[in-house]
Amino acid sequence: MAIVSRNEQQLAAESYIMNVFDMVQKRNAHQPEFLQAVKELFNTIQPVFVQHPEYIKYGVLERITEPDRIISFRVSWVDDQNRVQVNRGYRVQFNDTIGPYKGGIRFHPTVNESIIKFLGFEQIFKNALTGLPIGGGKGGADFDPKGKSDREIMHFCQAYMTELSNYIGPDVDVPAGDIGVGAREIGYMFGQYKRLKSYQAGVLTGKGVGYGGSLGRTEATGYGVIYFVNEMLKEKGLSLEGSTVVVSGSGNVATYAMQKAMQLGAKVVACSDSNGYIYDPDGIKLETVKEIKEGVRGRIKEYVDKHPNAEYYEGCTGIWSIPCDIALPCATQNELDVESATLLIQNGVKAVAEGANMPCSLEAVDLFIENGILFGPGKAANAGGVAVSALEMSQNSMRLSWTFEEVDSKLQDIMKNIYRKATTCADKYGYSGNLVAGANISGFLTVAEAMMAHGVY
């Protein structure tokens, strides 16, 4: 029996990963966001294939980078002027090895197949990290809810769900919200699904509490980010108490990340929307932000009308020039580039955590890690939302409703466990202190082991 040296195993693993990435690049040449997500994973998992050469034999990487299926469909609807509008809808069912597909629906004009695939690919490993039995999927449409009436949004949501309803179900694929899809949109989609298929509470999460939703779901992603940051800081003897925080975005994730950070003693001084950002040296007044964004659905620049000490700046990237201890990018993918990362480091940032999906470029992430900045990757730091979505599924299955305190306690435990899994895997596989690598490896191992157990299909 031939003895294979560790060096030969390393070369074999490296060659395998490079060959698979070349194949993925050729197959998805015009999908930059998807390729970025794949590259980020591949950059860290070589040690796994050294210890598990059987993964090479059974083509785990080839299988895990190809979705189970991609569903694309026309969404036709009528606007308030009685004009027919047509959008394109998607659902990517990426991997259901450990449970039904689970992932949000995004309504935004930038949505395309590449973005939906990157989100679905990330979701596989994020969901695995939660320790809950949910697989990875994602959906959306190139529809822009901004400037649309409630009636137009209702018509679009109903048309979208009419097409999507044939592919989802409580034990098959359970969508939730994402950018452009909140409680209003989920309600319209759930109502349409109910008309078409009958009442099935578990088919969507993020529902209103009165019809099968979970207390704590609205706050979950933002709260989860802060719980994860808290674990990172405690490890280094630091604290949120007295820290200065900058948060990009002002939607659901950003709002509740700000809220929990303030509750734990931090001072949040800046937030943004797609037009620009506000800086309030006295600390952001969250009630005003909620009133603007959740009440009148206005723009963040209206904040300075009520708080004259605050300043508003057009454009979003300048927010990262504000000195802070903790930076939380919670808006959208690739919003924080290497130039912004350099500014944050120069200004003394101690920790960065991704509240959005892939908001930092690969180069920015590398720079943070090289400079010893505590960095929480999105698939770990923002997993709180999907974790509580899975808890909502559990409540729907059991016909129960847990209190906010019960849900929040479970969320805290899940985020602590995610942090421990990431740090343990980082240490075990030679990446001590690198939570990007640790989270990637932990999530990947969970899915890969299940794939091996199920055989090739």
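The values are calculated or read from the model by the stated rules, or taken from the named source; none is laboratory data. A quick note: this is a predicted structure, and the numbers were derived from the prediction, not measured. Heads up, the Cβs are rebuilt from the backbone with ideal geometry, glycines too, and the neighbour counts pull from every protein chain shown.
Annotations
- Segment 149-158, subset touching a residue at least 40 places away in the same chain (Cβ under 8 Å) and surrounded by fewer than 23 Cβ atoms within 10 Å (Cβ to Cβ), residue nearest to Asn382 (Cα to Cα): Gln158
- Note on segment 414-457: residues that are closer than 13 Å to Phe228 by Cα and among the polar types (S, T, N, Q) total 2.
- Unmet requirement for Ala141, which otherwise passes all of (1) more than 19 Å from Gly443 (Cα to Cα); (2) surrounded by fewer than 18 Cβ atoms within 10 Å (Cβ to Cβ): (2)
- Answer residue from segment 305-346, given it is among the β-branched types (Val, Ile, Thr) and touching a helix residue (DSSP H, G or I) at 6+ places or on another chain (Cβ under 8 Å) and is surrounded by the fewest Cβ atoms within 10 Å (Cβ to Cβ) among those: Thr342
- Count of segment 36-78 residues which are of a type in the set (A, V, I, L, M) and over 24 Å from Pro100 (Cα atoms): 6
- Matching residues in segment 351-394 - criterion: being over 22 Å from Ala439 (Cβ atoms) and either in the same structural domain as Leu238 (by TED's automatic domain parsing) or surrounded by fewer than 23 Cβ atoms within 10 Å (Cβ to Cβ) (or both): Ser394
- Within segment 250-276, the residues that satisfy the criterion of being among the aliphatic types (A, V, I, L, M) and part of a helix (DSSP H, G or I) are Val253, Ala254, Ala257, Met258, Ala261, Met262.
- Selection count where residues are touching a residue at least 40 places away in the same chain (Cβ under 8 Å) and within 21 Å of the chain's Cα centre (by Cα), scope segment 171-188: 12
- Hits in segment 390-407 (condition: in a helix (DSSP H, G or I) and out of contact with any helix residue (DSSP H, G or I) (no Cβ under 7 Å at 6 or more places or on another chain)): Ala390, Ser394, Gln395, Met398, Phe404, Glu405, Glu406
- Qualifying residues in segment 197-217 (those that are part of a helix (DSSP H, G or I) and out of contact with any Ser or Thr (no Cβ under 9 Å at 6 or more places or on another chain)) - the one surrounded by the most Cβ atoms within 10 Å (Cβ to Cβ): Tyr211
- Within segment 218-249, being of a type in the set (D, E, K, R), outside any loop (DSSP other than H, G, I, E, B) and either over 27 Å from Tyr277 (Cβ atoms) or in contact with a Pro (Cβ under 9 Å, 6 or more places away or on another chain) (or both) holds for Glu231, Lys234, Glu235.
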